[in-house]
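Everything below concerns the one structure shown next.
The values are calculated or read from the model by the stated rules, or taken from the named source; none is laboratory data. This is a predicted model, so every value here is computed, not measured. Every residue, glycine as well, gets a Cβ built from its backbone with ideal geometry; the counts of neighbours run over all protein chains shown.
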Amino acid sequence: MFYTTKGLVLRETHYKDNDKILSLLTEELGLITAKARGVKQKNSRLRSGCQLLTYSDFTLFEKNGYYTINEAEPLNLFGGIRQDIELLSLGSYFAQLLETVSGEGQRDPELLYLGLNSLYALDKLKKPQDIVKSVFELRLMCLSGYAPMLDGCGQCGAANASCFLLEEGILLCDICKKTVSNAEGVTLMPGTLAAMRHISSCDKQRLFSFTLKPDAMRQLSDVTERFLLTQLGQGFRSLDFYKRLFTIQI
Ligand SMILES: [Zn+2]
């Protein structure tokens, strides 16, 4: 059976001499694995549209649950990302996260749009990497069932609450904070909390429309990453690699 769908290449695995096995996050079929035959040959018409982090229009042939790519027409190559080692490694981290939270064959276009919007923000809008990374991390958590509760104190409901518990994903007020022992909490600056509320609830077109002072931005970067790692309960090699790039530069 033939399918046509738009999709983003999240991962490529080399297979035999000229083939690749790709993980694709598609609009119509969700996360799928598909074989690209002969894609490594110089004259392959699949070559351009099957590159890592390329968004393409795919024609797929499916038999017994296995997909083979017949056509791959690139819609957005995100060329600026592929030419910059920092952007490429950050994009690879996004791809690894999208694959981690996506269920095989489960259609979830919002996750795909978040990935595309974030890559576009890095590639074309030239948004700062730390903002895009934080937005992606927190919004990804919201879309995949780990949305934090940021309205007020998670225990008594008080509006004035700023201690964010990474494990529980809730805020505590100063009084309730004293009743919880051994909880890993971060006291959020007002700007950080406002940004987290914006990222969690804004319309997707406005995701990157906010500014933060440098100290609040640093805290936002720290909190969204730690929240994501705590909730998913695993590390990511692509994130380790991305962060090592900055250590090397210093
Ligand atoms: Zn409280």
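Data for the structure
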{"item": "Residues of segment 181-207 classified as without any contact (Cβ under 8 Å) to a residue 40 or more places away in the chain and of a type in the set (Lys, Arg), total", "result": "1"}
{"item": "Which listed residue, of 158, 95, 147, is closer than 25 Å to residue 230 by Cβ and either within 16 Å of the ligand (Cβ to nearest atom) or among the polar types (S, T, N, Q) (or both)", "result": "158"}
{"item": "Qualifying position, being modelled with pLDDT of 95 or more, of a type in the set (Gly, Ala, Ser) and out of contact with any Gly (no Cβ under 9 Å at 6 or more places or on another chain), among 89, 56, 48", "result": "89"}
{"item": "Segment 149-166 residues that are on the phi > 0 side of the Ramachandran plot and surrounded by 18 or more Cβ atoms within 10 Å (Cβ to Cβ), paired with ones that are at pLDDT below 95 and basic (Lys, Arg) (beta carbon under 8 Å, 6 or more apart)", "result": "none"}
{"item": "Criterion violated by residue 213 - all others in (1) under 28 Å from residue 101 (Cα atoms); (2) more than 13 Å from the ligand (Cβ to nearest atom) satisfied", "result": "(1)"}
{"item": "Residue match in segment 196-210 (condition: loosely packed, with under 14 Cβ neighbours inside 10 Å, within 16 Å of the ligand (Cβ to nearest atom) and of a type outside the set (Phe, Trp, Tyr))", "result": "no"}
{"item": "Residues (of a type in the set (Gly, Ala, Ser) and away from the ligand (no atom under 14 Å from the Cβ)) located in segment 161-195", "result": "169, 181, 191, 194, 195"}
{"item": "Matching entry among 95, 121 (being touching a strand residue (DSSP E or B) at 6+ places or on another chain (Cβ under 6 Å) and in the same structural domain as residue 208 (by TED's automatic domain parsing))", "result": "95"}
